[in-house]
Amino acid sequence: MQLYCNSLTEYNRLITKEVKIGDLLLGNGHPIRVQTMTTTDTMDTLANVEQKLLLLP
């Protein structure tokens, strides 16, 4: 059985299966991907950029 957390003091990513979605590889050692959504009309570039800037930390 694989532990959820291997160490309380060291950062380790769990080994996962690699999957391919289109041309994008996910899992295993690949970077973590984040998909976001907007609530503005996708054809309104300025509104999309403004909404994204409001979401930035």
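Each value in this text was obtained by applying a stated rule to the coordinates, not by laboratory testing. Bear in mind the structure is a predicted one, so any value in this text is a computation, not a measurement. Cβ placement follows ideal geometry from the backbone for every residue including glycine, while neighbour counts extend to all protein chains displayed.
Couplings 3J(HN,Hα) for segment 37-48, derived from phi with the Karplus relation 6.51 cos²θ - 1.76 cosθ + 1.60 (θ = phi - 60°), are 10, 10, 10, 9, 5, 5, 7, 9, 4, 4, 5, 5 Hz, where x marks Gly and Pro. Along the axis of the charge dipole computed for the chain (Cβ charges of +1 for Lys and Arg, -1 for Asp and Glu, origin at the Cα centre), the listed residues 54, 39, 27 are led at the positive end by 27.
Note on the chain: Kirkwood radius taken over Cα pairs, Stokes-Einstein applied at 37 °C and 0.692 mPa s, translational D equal to 219 µm² s⁻¹. Helices in the chain, meaning DSSP H runs of at least 4 residues, each add -39500 (n - 2.57). Divided by all residues, the mean residue ellipticity at 222 nm is -6000 deg cm²/dmol.
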